[in-house]
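The values are calculated or read from the model by the stated rules, or taken from the named source; none is laboratory data. Since we're looking at a predicted model, the values are computed, not measured. As a convention, Cβ positions derive from the backbone with ideal geometry for all residues, glycine included, and neighbour counts pool all protein chains shown.
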Amino acid sequence: MMPFVAPGALTVLVLVLAGGDLGTSIVITMIVGTLLFAAGVKMRYFLFASGLAAAAGALLMWMTPYRMMRVYAWLGMNCDHPTEPCHQTQQGFYALASGGFWGRIGPIASEVGVHS
């Protein structure tokens, strides 16, 4: 199974990473890993591949400045940067603070009198 799946999956991953899309490559890796797990591949292959993938992902994030800025924003660091990397996180917290988990149902809520 592995000699047939690995070359095809690696080719697709290299092409996606050449386009600069780390998120899609992570999703593809998870799908291929799930399919291989369901097919009965031995766990030692998963341990080796997951260690290699974690190291490669960390290296790719460390080498690309905008990815590191996203990690810093997620950790709450570097929020005073001129490009405002924490803006989306802060707006999400404001939304949760004003409407709770379910929100205020948008602009329709005030028109029909629904309030949370």
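So if I check each of Gly76, Gly20, Gly8, which one is on the phi > 0 side of the Ramachandran plot, among the small types (Gly, Ala, Ser) and exposed (fewer than 11 other Cβ atoms within 10 Å of the Cβ)?
Gly76
Please go through the stretch 7-34 and pick out each residue that is of a type in the set (A, V, I, L, M) and in contact (Cβ under 8 Å) with a residue 24 or more places away in the chain.
Across the stretch 7-34, the qualifying residues are Leu17, Leu22, Ile26, Val32.
Could you tell me whether the stretch 46-58 includes any residue that is in a loop (DSSP other than H, G, I, E, B), at pLDDT 80 or above and not acidic (Asp, Glu)?
Looking through the stretch 46-58, none of the residues is in a loop (DSSP other than H, G, I, E, B), at pLDDT 80 or above and not acidic (Asp, Glu).
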